[in-house]
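Report on the structure given below.
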Amino acid sequence: QEDDFKKVISHAKEYGYVFQSSEIYDGLSAVYDYAQNGAELKKNIREYWWKAMVNLNENIVGIDAAIFMHPTTWKASGHVDAFNDPLIDNKDSKKRYRADVLIEDYVAKIEAKIEKEVAKASKRFGDTFDKKQFLATNQRVVEYQEKADAILKRMGKSLENEDLADVKSLIEELDIACPMSGSKNWTDVKQFNLMFGTKLGASAESAMDLYLRPETAQGIFVNFLNVQKTGRMKIPFGIAQTGKAFRNEIVARQFIFRMREFEQMEMQFFIRPGTQKEWYEKWKENRLKWHLSLGMGEENYRFHDHEKLAHYADAAADIEFRFPFGFKELEGIHSRTDFDLSQHEKFSGKKLQYFDPELKESYVPYVVETSIGLDRMFLAVFSNSLQEEELENNTTRTVLKLPAVLAPTKAAVLPLVKKDGLPDVAHKIIEDLKWDFNVIYDEKDAVGRRYRRQDAAGTPFCITVDHQSLEDQTVTIRHRDTMEQHRVAISEVKSIIHKEVDM
Ligand code: ATP
């Protein structure tokens, strides 16, 4: 697993997807830059989300709020007082941990044991293996599962009650049962605020303390009434946006999974009080469908319903994805009640209510939100797509099977040789395609090597121009995933690609 993940990181660098930020100065911890292919992939994921959320829903509109917000925003939202993570230090190893993530890592170890048992049994029983039944009846697996559940439950309760001493004892107990740090010498658990502070204004006296936003959601809440009025929106309706958020994460690791500067794609859906259960279920289902539409394997997703609820929520679930380091949160769906709007009413003194023409009354709407990290989605797509295949001639090929709709480059146009007018034909094809898709030209090396290069870069199509092309205006089109090649008329190429890559 660890090796797989290392391969993901080095492939992302080698093929121009993700670089360590300020690499020539040895980088900055948990900050990354998207390179020439990464920026395209990220943009395509963002567009795929925007299309599904904003363009395909008549009652959802998109905005782009500023990163800087009036500082009272963060008092009202609760972030100044409560946007903390519990941190714990190990005095011997001098390592710092986020206590809840550390506990989740212990649980992941137990879950890995369960998966191992499942794999063993599935091998033993073959076609007759019934996973559900096995999970429910196998003594050892049931015990593991109970243990994992009990740990998470206890952690949830302790954090909710601010019982940090119990969080510490839980870590100590787990460390004895299943040593991970190799040491038992822990500090107390402390709360650590994750917001980055900065200053606005030129002179020291007039400067105003600001925060870099730790989530995009508040930019939507403070604009709720402006959008509702100017857009003549009727409840239920949604406001969506994508944009940067900043968190001073205690432990930054796992590549772009947990960054200090990252991008969120959020949608806040405003509803009548009392209908939150129904909308919460609807959005859970909707969002899972969106993920499944990319064809990355149903078995790689699962819901995790929260035991521990944030101060604003009455229900919350994560969509978890199977990353190279196990199932982890990819997206959150939260029923936030009227917490945020009510708080902003209180702190701003402005009414943030909606007059419901059917009920003939005004109320503060309830909110169900969907919140996904764009970088985390990038990692999900990228790591899931990277595969090594054994070919018939005993060689392996590295192929990045990105969903075609998301691939940064849709096609590479390759003249078989660099002469006889083949490059001219290739350039002409590019001229025609480039208005519709991101396409590239490649004439270096033997064509087989060029195919492999495009496979590894994630390009779904290669279009090869050869001598026959000069005679009959045809080319071969090669499909990345199947490696099949077909001879087609040049005039057909565009529609063939459209069919595969259009959203
Ligand atoms: P975690 O428990 O992993 O810290 P969270 O529950 O605090 O995440 P939310 O506040 O619900 O996360 O944020 C919504 C989404 O934003 C997450 O599902 C995740 O995809 C993304 N996200 C949050 N923090 C980060 C980060 N530091 N780096 C990258 N993406 C992030």
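Each reported figure results from applying straightforward, stated rules to the coordinates on display, with no laboratory input. Just so it is clear, the model here is predicted, and its values are computed rather than measured. Positions of Cβ are generated from backbone atoms using ideal geometry, with glycine treated the same way; all protein chains shown enter the neighbour counts.
Data for the structure
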quantity	calculated
Cα-derived Rg to Rh of the range 284-352, Kirkwood definition	1.15
For the range 70-118 versus the range 449-496, the gap between their alpha-carbon centres in whole angstrom	48
Of all DSSP beta bridges in the range 409-501, antiparallel share, percent nearest 5	55
Rh by Kirkwood over Cα pairs, then Stokes-Einstein D for the chain at 1.306 mPa s and 10 °C, µm²/s	62
Paired Rg and Dmax values of the range 231-299, which use every Cα atom, in angstrom	16.1, 44
Range of Cα positions in the range 409-501 per principal axis (Å), largest first	30, 27, 22
Cβ crowding within 10 Å averaged over residues, with 242-249, 136-143, 429-436 ranked highest first	242-249, 429-436, 136-143
For the range 1-130, the fraction of alpha-carbon pairs in successive 10 Å shells from zero, as %	9, 16, 26, 33, 14, 3, 0
Volume of the Cα convex hull of the range 43-105, divided per residue and given in Å³	210
Note, ³J(HN,Hα) from phi for the range 72-87, Karplus 6.51, -1.76, 1.60, rounded to Hz, x at Gly and Pro	5, 3, 7, 6, 4, 6, x, 5, 5, 8, 9, 8, 10, 10, x, 10
Radius 13 Å from Cβ of residue 250, net charge of other residues (Lys, Arg +1; Asp, Glu -1)	+4
The range 338-430: projected area of the alpha-carbon convex hull, averaged over directions, in nm²	14.1
Highest average packing first - 332-343, 488-499, 381-392, Cβ atoms within 10 Å	332-343, 381-392, 488-499
Ordering of 202-210, 144-152, 294-302 by packing [mean C-beta count within 10 Å, highest first]	144-152, 294-302, 202-210
Out-of-range pairs (alpha-carbon distance over 27 Å; input 51/410; 7/190; 244/284)	7/190
Karplus-derived 3J(HN,Hα), 6.51/-1.76/1.60, for each residue of the range 482-491, Hz, glycine and proline x	9, 6, 6, 10, 10, 8, 9, 5, 4, 5
For the range 29-41, Karplus couplings with θ = phi - 60° (6.51, -1.76, 1.60), whole Hz, Gly/Pro x	5, 6, 10, 9, 10, 8, 8, 4, 7, x, 4, 5, 4
10 Å-binned pair-distance histogram of the range 84-193 (Cα, whole percent)	13, 39, 25, 15, 6, 0
Percent of beta bridges antiparallel (DSSP, the chain, rounded to nearest 5)	85
Cross-link partners of residue 346 among lysines (Cα-Cα below 16 Å; sequence separation of 8 or more within a chain)	75
